[in-house]
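First comes the structure, then the notes that go with it.
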Amino acid sequence: MKPEDTTTPEQPRPPARLPLWANPRIGLVVLLIALIALFTTLRPAFLNTQLTLVPMQADISVYAVVGLSQLAVLSLGHMNMAVGRMAAMSAFASGLLHDRLDAPLIVALAGGLAMGALLGALAGLIIARTGVNSFVVTLALDFALIGLVSLLYASFTDGVAFNGLPAGMSALRTDTFADYCAGDLCGPPIPLLAPIALVAVLVVGLLFRWSRTGREVLMAGSNAKAAELSGIPVRARVIQAHALSGLLAGLAGFLLSANNGAFSAGVGDGFLLPSFLAPVLGGTLLVGGAVSVLGTVLGTAITQVIYKGLNLLQFQVDELKLYIGLVLLAALSLDRLRHVLAERRGVPA
Amino acid sequence: MLLAEGLTKSFPGVRALDGATLQLTAGSVHALLGENGAGKSTLVKILTGVYRPDGGRVVLDGRDVHFGSPLEALHAGIGVVHQERNLVPGFSIAENIALQHLPNRLGMVDRTRMRAEARRCLDLLDLDLDPDTRVAELSVAQAQLVEIAKALSVDTRVLLLDEPTASLTGDEADRLYAIVRKLTATGHAVVLVSHKLEEVFAVADTVTVLRDGRSVAQAQPLSGYTRDEIVDLMVGRAYASVELTARTVDRDATPALELAGLSTRHGHRDVSLTVARGEILGLYGLVGAGRTELAKALLGLDEITGGEVRVHGAPVRIRDVGQALRRHRIGYVPEDRKGEGLFLEQPITRNVGVTVWRRLARFGLIPDRAERDVVAEYTKLLGIRAASPNQLAGQLSGGNQQKVSLAKWLAASCDILIVDEPTVGIDVRTKAAFHELIARLAGQGMAILLISSDLPEIVTLADRIAVMGDAAVRGELANDHDYDTVSQRVIRLIHAAPAPV
């Protein structure tokens, strides 16, 4: 008997296509467009380039990278509770390099990224070595770093921030491509921060989709035992994923510092919640094994549009938080509902 | 009593049920048989409210019923014991039994009533267990019986047992079936899903056979069939026993894999085995004899404390599976295919490709096309039946899952393969195909260490048989493929006194 005989003569039908409404990404795009339409109707100023669109793009750039930082470890089913403080430490490293050694922009950036990657790798190493839950390890690390960041800023600066930025960094803050013209031809009104974030998005996307390392991280997140028994160096992948998370946190810290106009101790304070919101909203699983980079960008865009929109409608900061929380809860419940409905119809969502 | 008629149910790429019919009468044991993927599990899940059928109807006591959830089915009197354990280990027996309907008083759990209720259920089965015992402390067989007690805790009249004896010993299974008999005597209808035909013939009164989602025999008296006729019905054509190609093994050449006096932290003592190129060494033993642990120690997953491992004559120290694969071309197909062999949430492509990414990668990136080609080659070679290479491994039938779990090692071109219980829970036809495949791989020069608790399987396949007990090799014998004599010698070795340390 040949093994081919084990197939039945009739060819199984191809899997049923996911219905359009069940495609999470399309749902997000529709939601995003609906929100923009809604806010534009209520406040036409929502489409004002200088007032809204440019700052919003800068924020989306920063927070997309924050989301990717969390996504890097969500791929394993891990968490990084220290994203904010890793960003703060990176910003400190960049600031110190510029302040004391007069490092140019690119060197300050590299130093910051290295600091982030190092802290991430440290967290990953502890997790891989001890087997302690990533939540606990990174939470403890975060706590330790809160103290360290204040101590460092107290010793090396006037207390909260470095004076001055490397040359060219203010341009990242203030300029858009529209400020650079060749003859009559000017660029689009996109802040200079955006392409940096775009590169991060593309690299992370490439990593998880096509690179061996990225795929092996996802396999380890899918089933660590089976990964080990398939010859994947699981510990190394855990360390690498956390190092990537730290590196991206560092990049986010740099982008926010550029946006704020200073390397300060408070960079990264507000990173934790958005870092989870964007990937989860975008369809990344908390249990690991599957990530959506595009979804994370869309999730970030939706969060920022809501934020800007409510801001324009002159909600107070506390109200803003309340409504954002509610909107996100609703979005996540809808997402869950969609899964259940799709499952009932026998389609994997 | 219960009639399920013309049931249909489709999943992506698979028509799991295609007009299946099941009819039950009170007071009898009804066997539901079929190969993996024939639709048994789907049928059971429809009857217990897990799935809703696409078509057909379920009639209980003359009324059409539609179950929206497992709880509704339970309250209608249909209880089920699934193949997998469904008890909460940290809870007591009483808590587990009462889980779906905790008796409450003033919003608090009424523990006295809960205990009395559990006692009543346990008494139904003549089980002398303390309801306050934690489930974690029970033996596998006891836990199985508690599952049945739980299924009977509501006013259950139909009891579905899915492979109830898969993890039980012969005596324990006999005990369970005595209880099943007792239940039918009190008017319960019992549905028995099992791959063990001997047990089915010993216990069941009537039989329904499913094939490709249709019932090819419906509620027939089992006494009208022989074992072979049932197998024919399940397989759909006269089942030819496997004709394995004769192989010649060069026993004088350097062995591919050699364990010399190996001791491990797990407690293995002085284990010596050799596997030649093109040879199948059967490693037989009872559950818990330490065979899987030996394989894992060999792969660097547990510490080796003494002795030596030699691959093609050269002493090696294997650190992990990746190194075993890359340096020594050793592959390991684990026993627990869902937990260790597969990535259930990942597509077939990734499950098969995972071992070859290193080879395919260019500048760290994997070209889709190269991966697709490799995966297509091995899915075809092994006859993996799936809607598309992108189908998730978790959606495949047991036999196809096992093929995927094996495919990744063939794709990585291993020349030493350790296969651990390759055909557990796999139907007759796929099992035969697997045996043929393993023999063919050996015929191509692969050295195979076959770990199995299935004695007929070992006798069919192995060139030599090593018998393991209490983490030591009890003895080794040549296999002349004569089941009666070989099995007697093996069983004698198993029950021989352990060698003095």
For the condition crowded, with 16+ Cβ neighbours inside 10 Å and over 27 Å from B:Asp232 (Cβ atoms), what is the one hit in B:Ala76, B:Ala38, B:Ala31, B:Ala20? B:Ala76
Among residues belonging to region A:149-173 that are surrounded by 14 or more Cβ atoms within 10 Å (Cβ to Cβ) and of a type in the set (A, V, I, L, M), point out the one that is farthest from the chain's Cα centre (by Cα). A:Leu152
Which one of A:Ala64, A:Ala128, A:Ala91 is in contact with a Lys or Arg (Cβ under 7 Å, 6 or more places away or on another chain) and of a type in the set (Gly, Ala, Ser)? A:Ala128
Please enumerate the residues belonging to region B:253-307 that are under 29 Å from the mean Cα position of the chain (by Cα), assigned to a loop (DSSP other than H, G, I, E, B) and small (Gly, Ala, Ser). B:Gly267, B:Ala276, B:Gly278, B:Gly288, B:Ala289, B:Gly290, B:Gly300
Would you mind stating whether B:Glu95 is in a loop (DSSP other than H, G, I, E, B) and either in contact with a Gly (Cβ under 6 Å, 6 or more places away or on another chain) or closer than 26 Å to B:Leu129 by Cα (or both)? no
Helices (runs of 4 or more DSSP H) wholly inside region B:311-393 that include at least 3 residues being within 26 Å of B:Ala447 (Cβ to Cβ) and more than 9 Å from every other protein chain (Cβ to nearest Cβ): B:368-382
For A:Leu206, state whether it is within 9 Å of chain B (Cβ to nearest Cβ) and closer than 15 Å to A:Ala72 by Cα. yes
Based on what the data block shows, is B:Ala297 within 17 Å of B:Asp470 (Cβ to Cβ), free of Cβ contacts under 8 Å to residues at least 60 places away in the same chain and not acidic (Asp, Glu)? yes
Test: residue in region B:200-210 that is at pLDDT below 85, surrounded by 15 or more Cβ atoms within 10 Å (Cβ to Cβ) and not polar (S, T, N, Q): no
Enumerated strands (runs of 3 or more DSSP E) restricted to region B:1-79, each holding at least 2 residues that are of a type in the set (A, V, I, L, M) and more than 14 Å from chain A (Cβ to nearest Cβ): B:2-11, B:14-24, B:29-33, B:55-60
For A:Gly116, are the conditions met, namely being modelled with pLDDT of 90 or more and closer than 22 Å to A:Ala236 by Cβ? yes
Collect the residues in region B:143-172 that are of a type outside the set (A, V, I, L, M), crowded, with 17+ Cβ neighbours inside 10 Å and in contact with a Gly (Cβ under 9 Å, 6 or more places away or on another chain), keeping them in residue-number order. B:Lys150, B:Ser153, B:Thr156, B:Arg157, B:Glu163
Per the filter on region B:112-134, residues in a loop (DSSP other than H, G, I, E, B) and surrounded by 16 or more Cβ atoms within 10 Å (Cβ to Cβ) are B:Leu125, B:Leu127, B:Leu129, B:Pro131
Collect the residues in region A:101-113 that are touching a residue at least 40 places away in the same chain (Cβ under 8 Å) and either basic (Lys, Arg) or under 19 Å from A:Ala243 (Cβ atoms) (or both), keeping them in residue-number order. A:Leu109, A:Gly112, A:Leu113
Inside region B:394-426, the number of residues satisfying the requirement of being out of contact with any strand residue (DSSP E or B) (no Cβ under 9 Å at 6 or more places or on another chain) and at the interface with chain A (Cβ under 10 Å from one of its Cβ atoms) is 4
Give me a count of the residues in region A:260-298 that are in a helix (DSSP H, G or I), touching a residue at least 12 places away in the same chain (Cβ under 8 Å) and closer than 24 Å to A:Leu139 by Cα. 10
Residue check, A:Thr52 modelled with pLDDT of 90 or more and part of a helix (DSSP H, G or I): no
Among the residues of region A:168-192 satisfying the criterion of being among the charged types (D, E, K, R) and in a loop (DSSP other than H, G, I, E, B), which is modelled with the lowest pLDDT? A:Asp184
Quick check, is A:Leu312 under 15 Å from the mean Cα position of the chain (by Cα) and touching a residue at least 40 places away in the same chain (Cβ under 8 Å)? no
Kindly indicate whether any position in region B:376-389 is among the aromatic types (Phe, Trp, Tyr), free of Cβ contacts under 8 Å to residues at least 60 places away in the same chain and out of contact with any helix residue (DSSP H, G or I) (no Cβ under 8 Å at 6 or more places or on another chain). no
Residue satisfying condition, being aliphatic (A, V, I, L, M), in the same structural domain as B:Gly278 (by TED's automatic domain parsing) and touching a strand residue (DSSP E or B) at 6+ places or on another chain (Cβ under 9 Å), within set B:Ala442, B:Ala432: B:Ala442
What is the residue count in region A:273-300 for residues that are hydrophobic (A, V, I, L, M, F, W, C) and away from every other protein chain (no Cβ under 14 Å)? 10
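The values are calculated or read from the model by the stated rules, or taken from the named source; none is laboratory data. In this text, all values refer to a predicted model and were calculated from it rather than measured experimentally. Cβ coordinates were reconstructed from backbone atoms using ideal geometry, including for glycine residues, and neighbour counts include every protein chain displayed.
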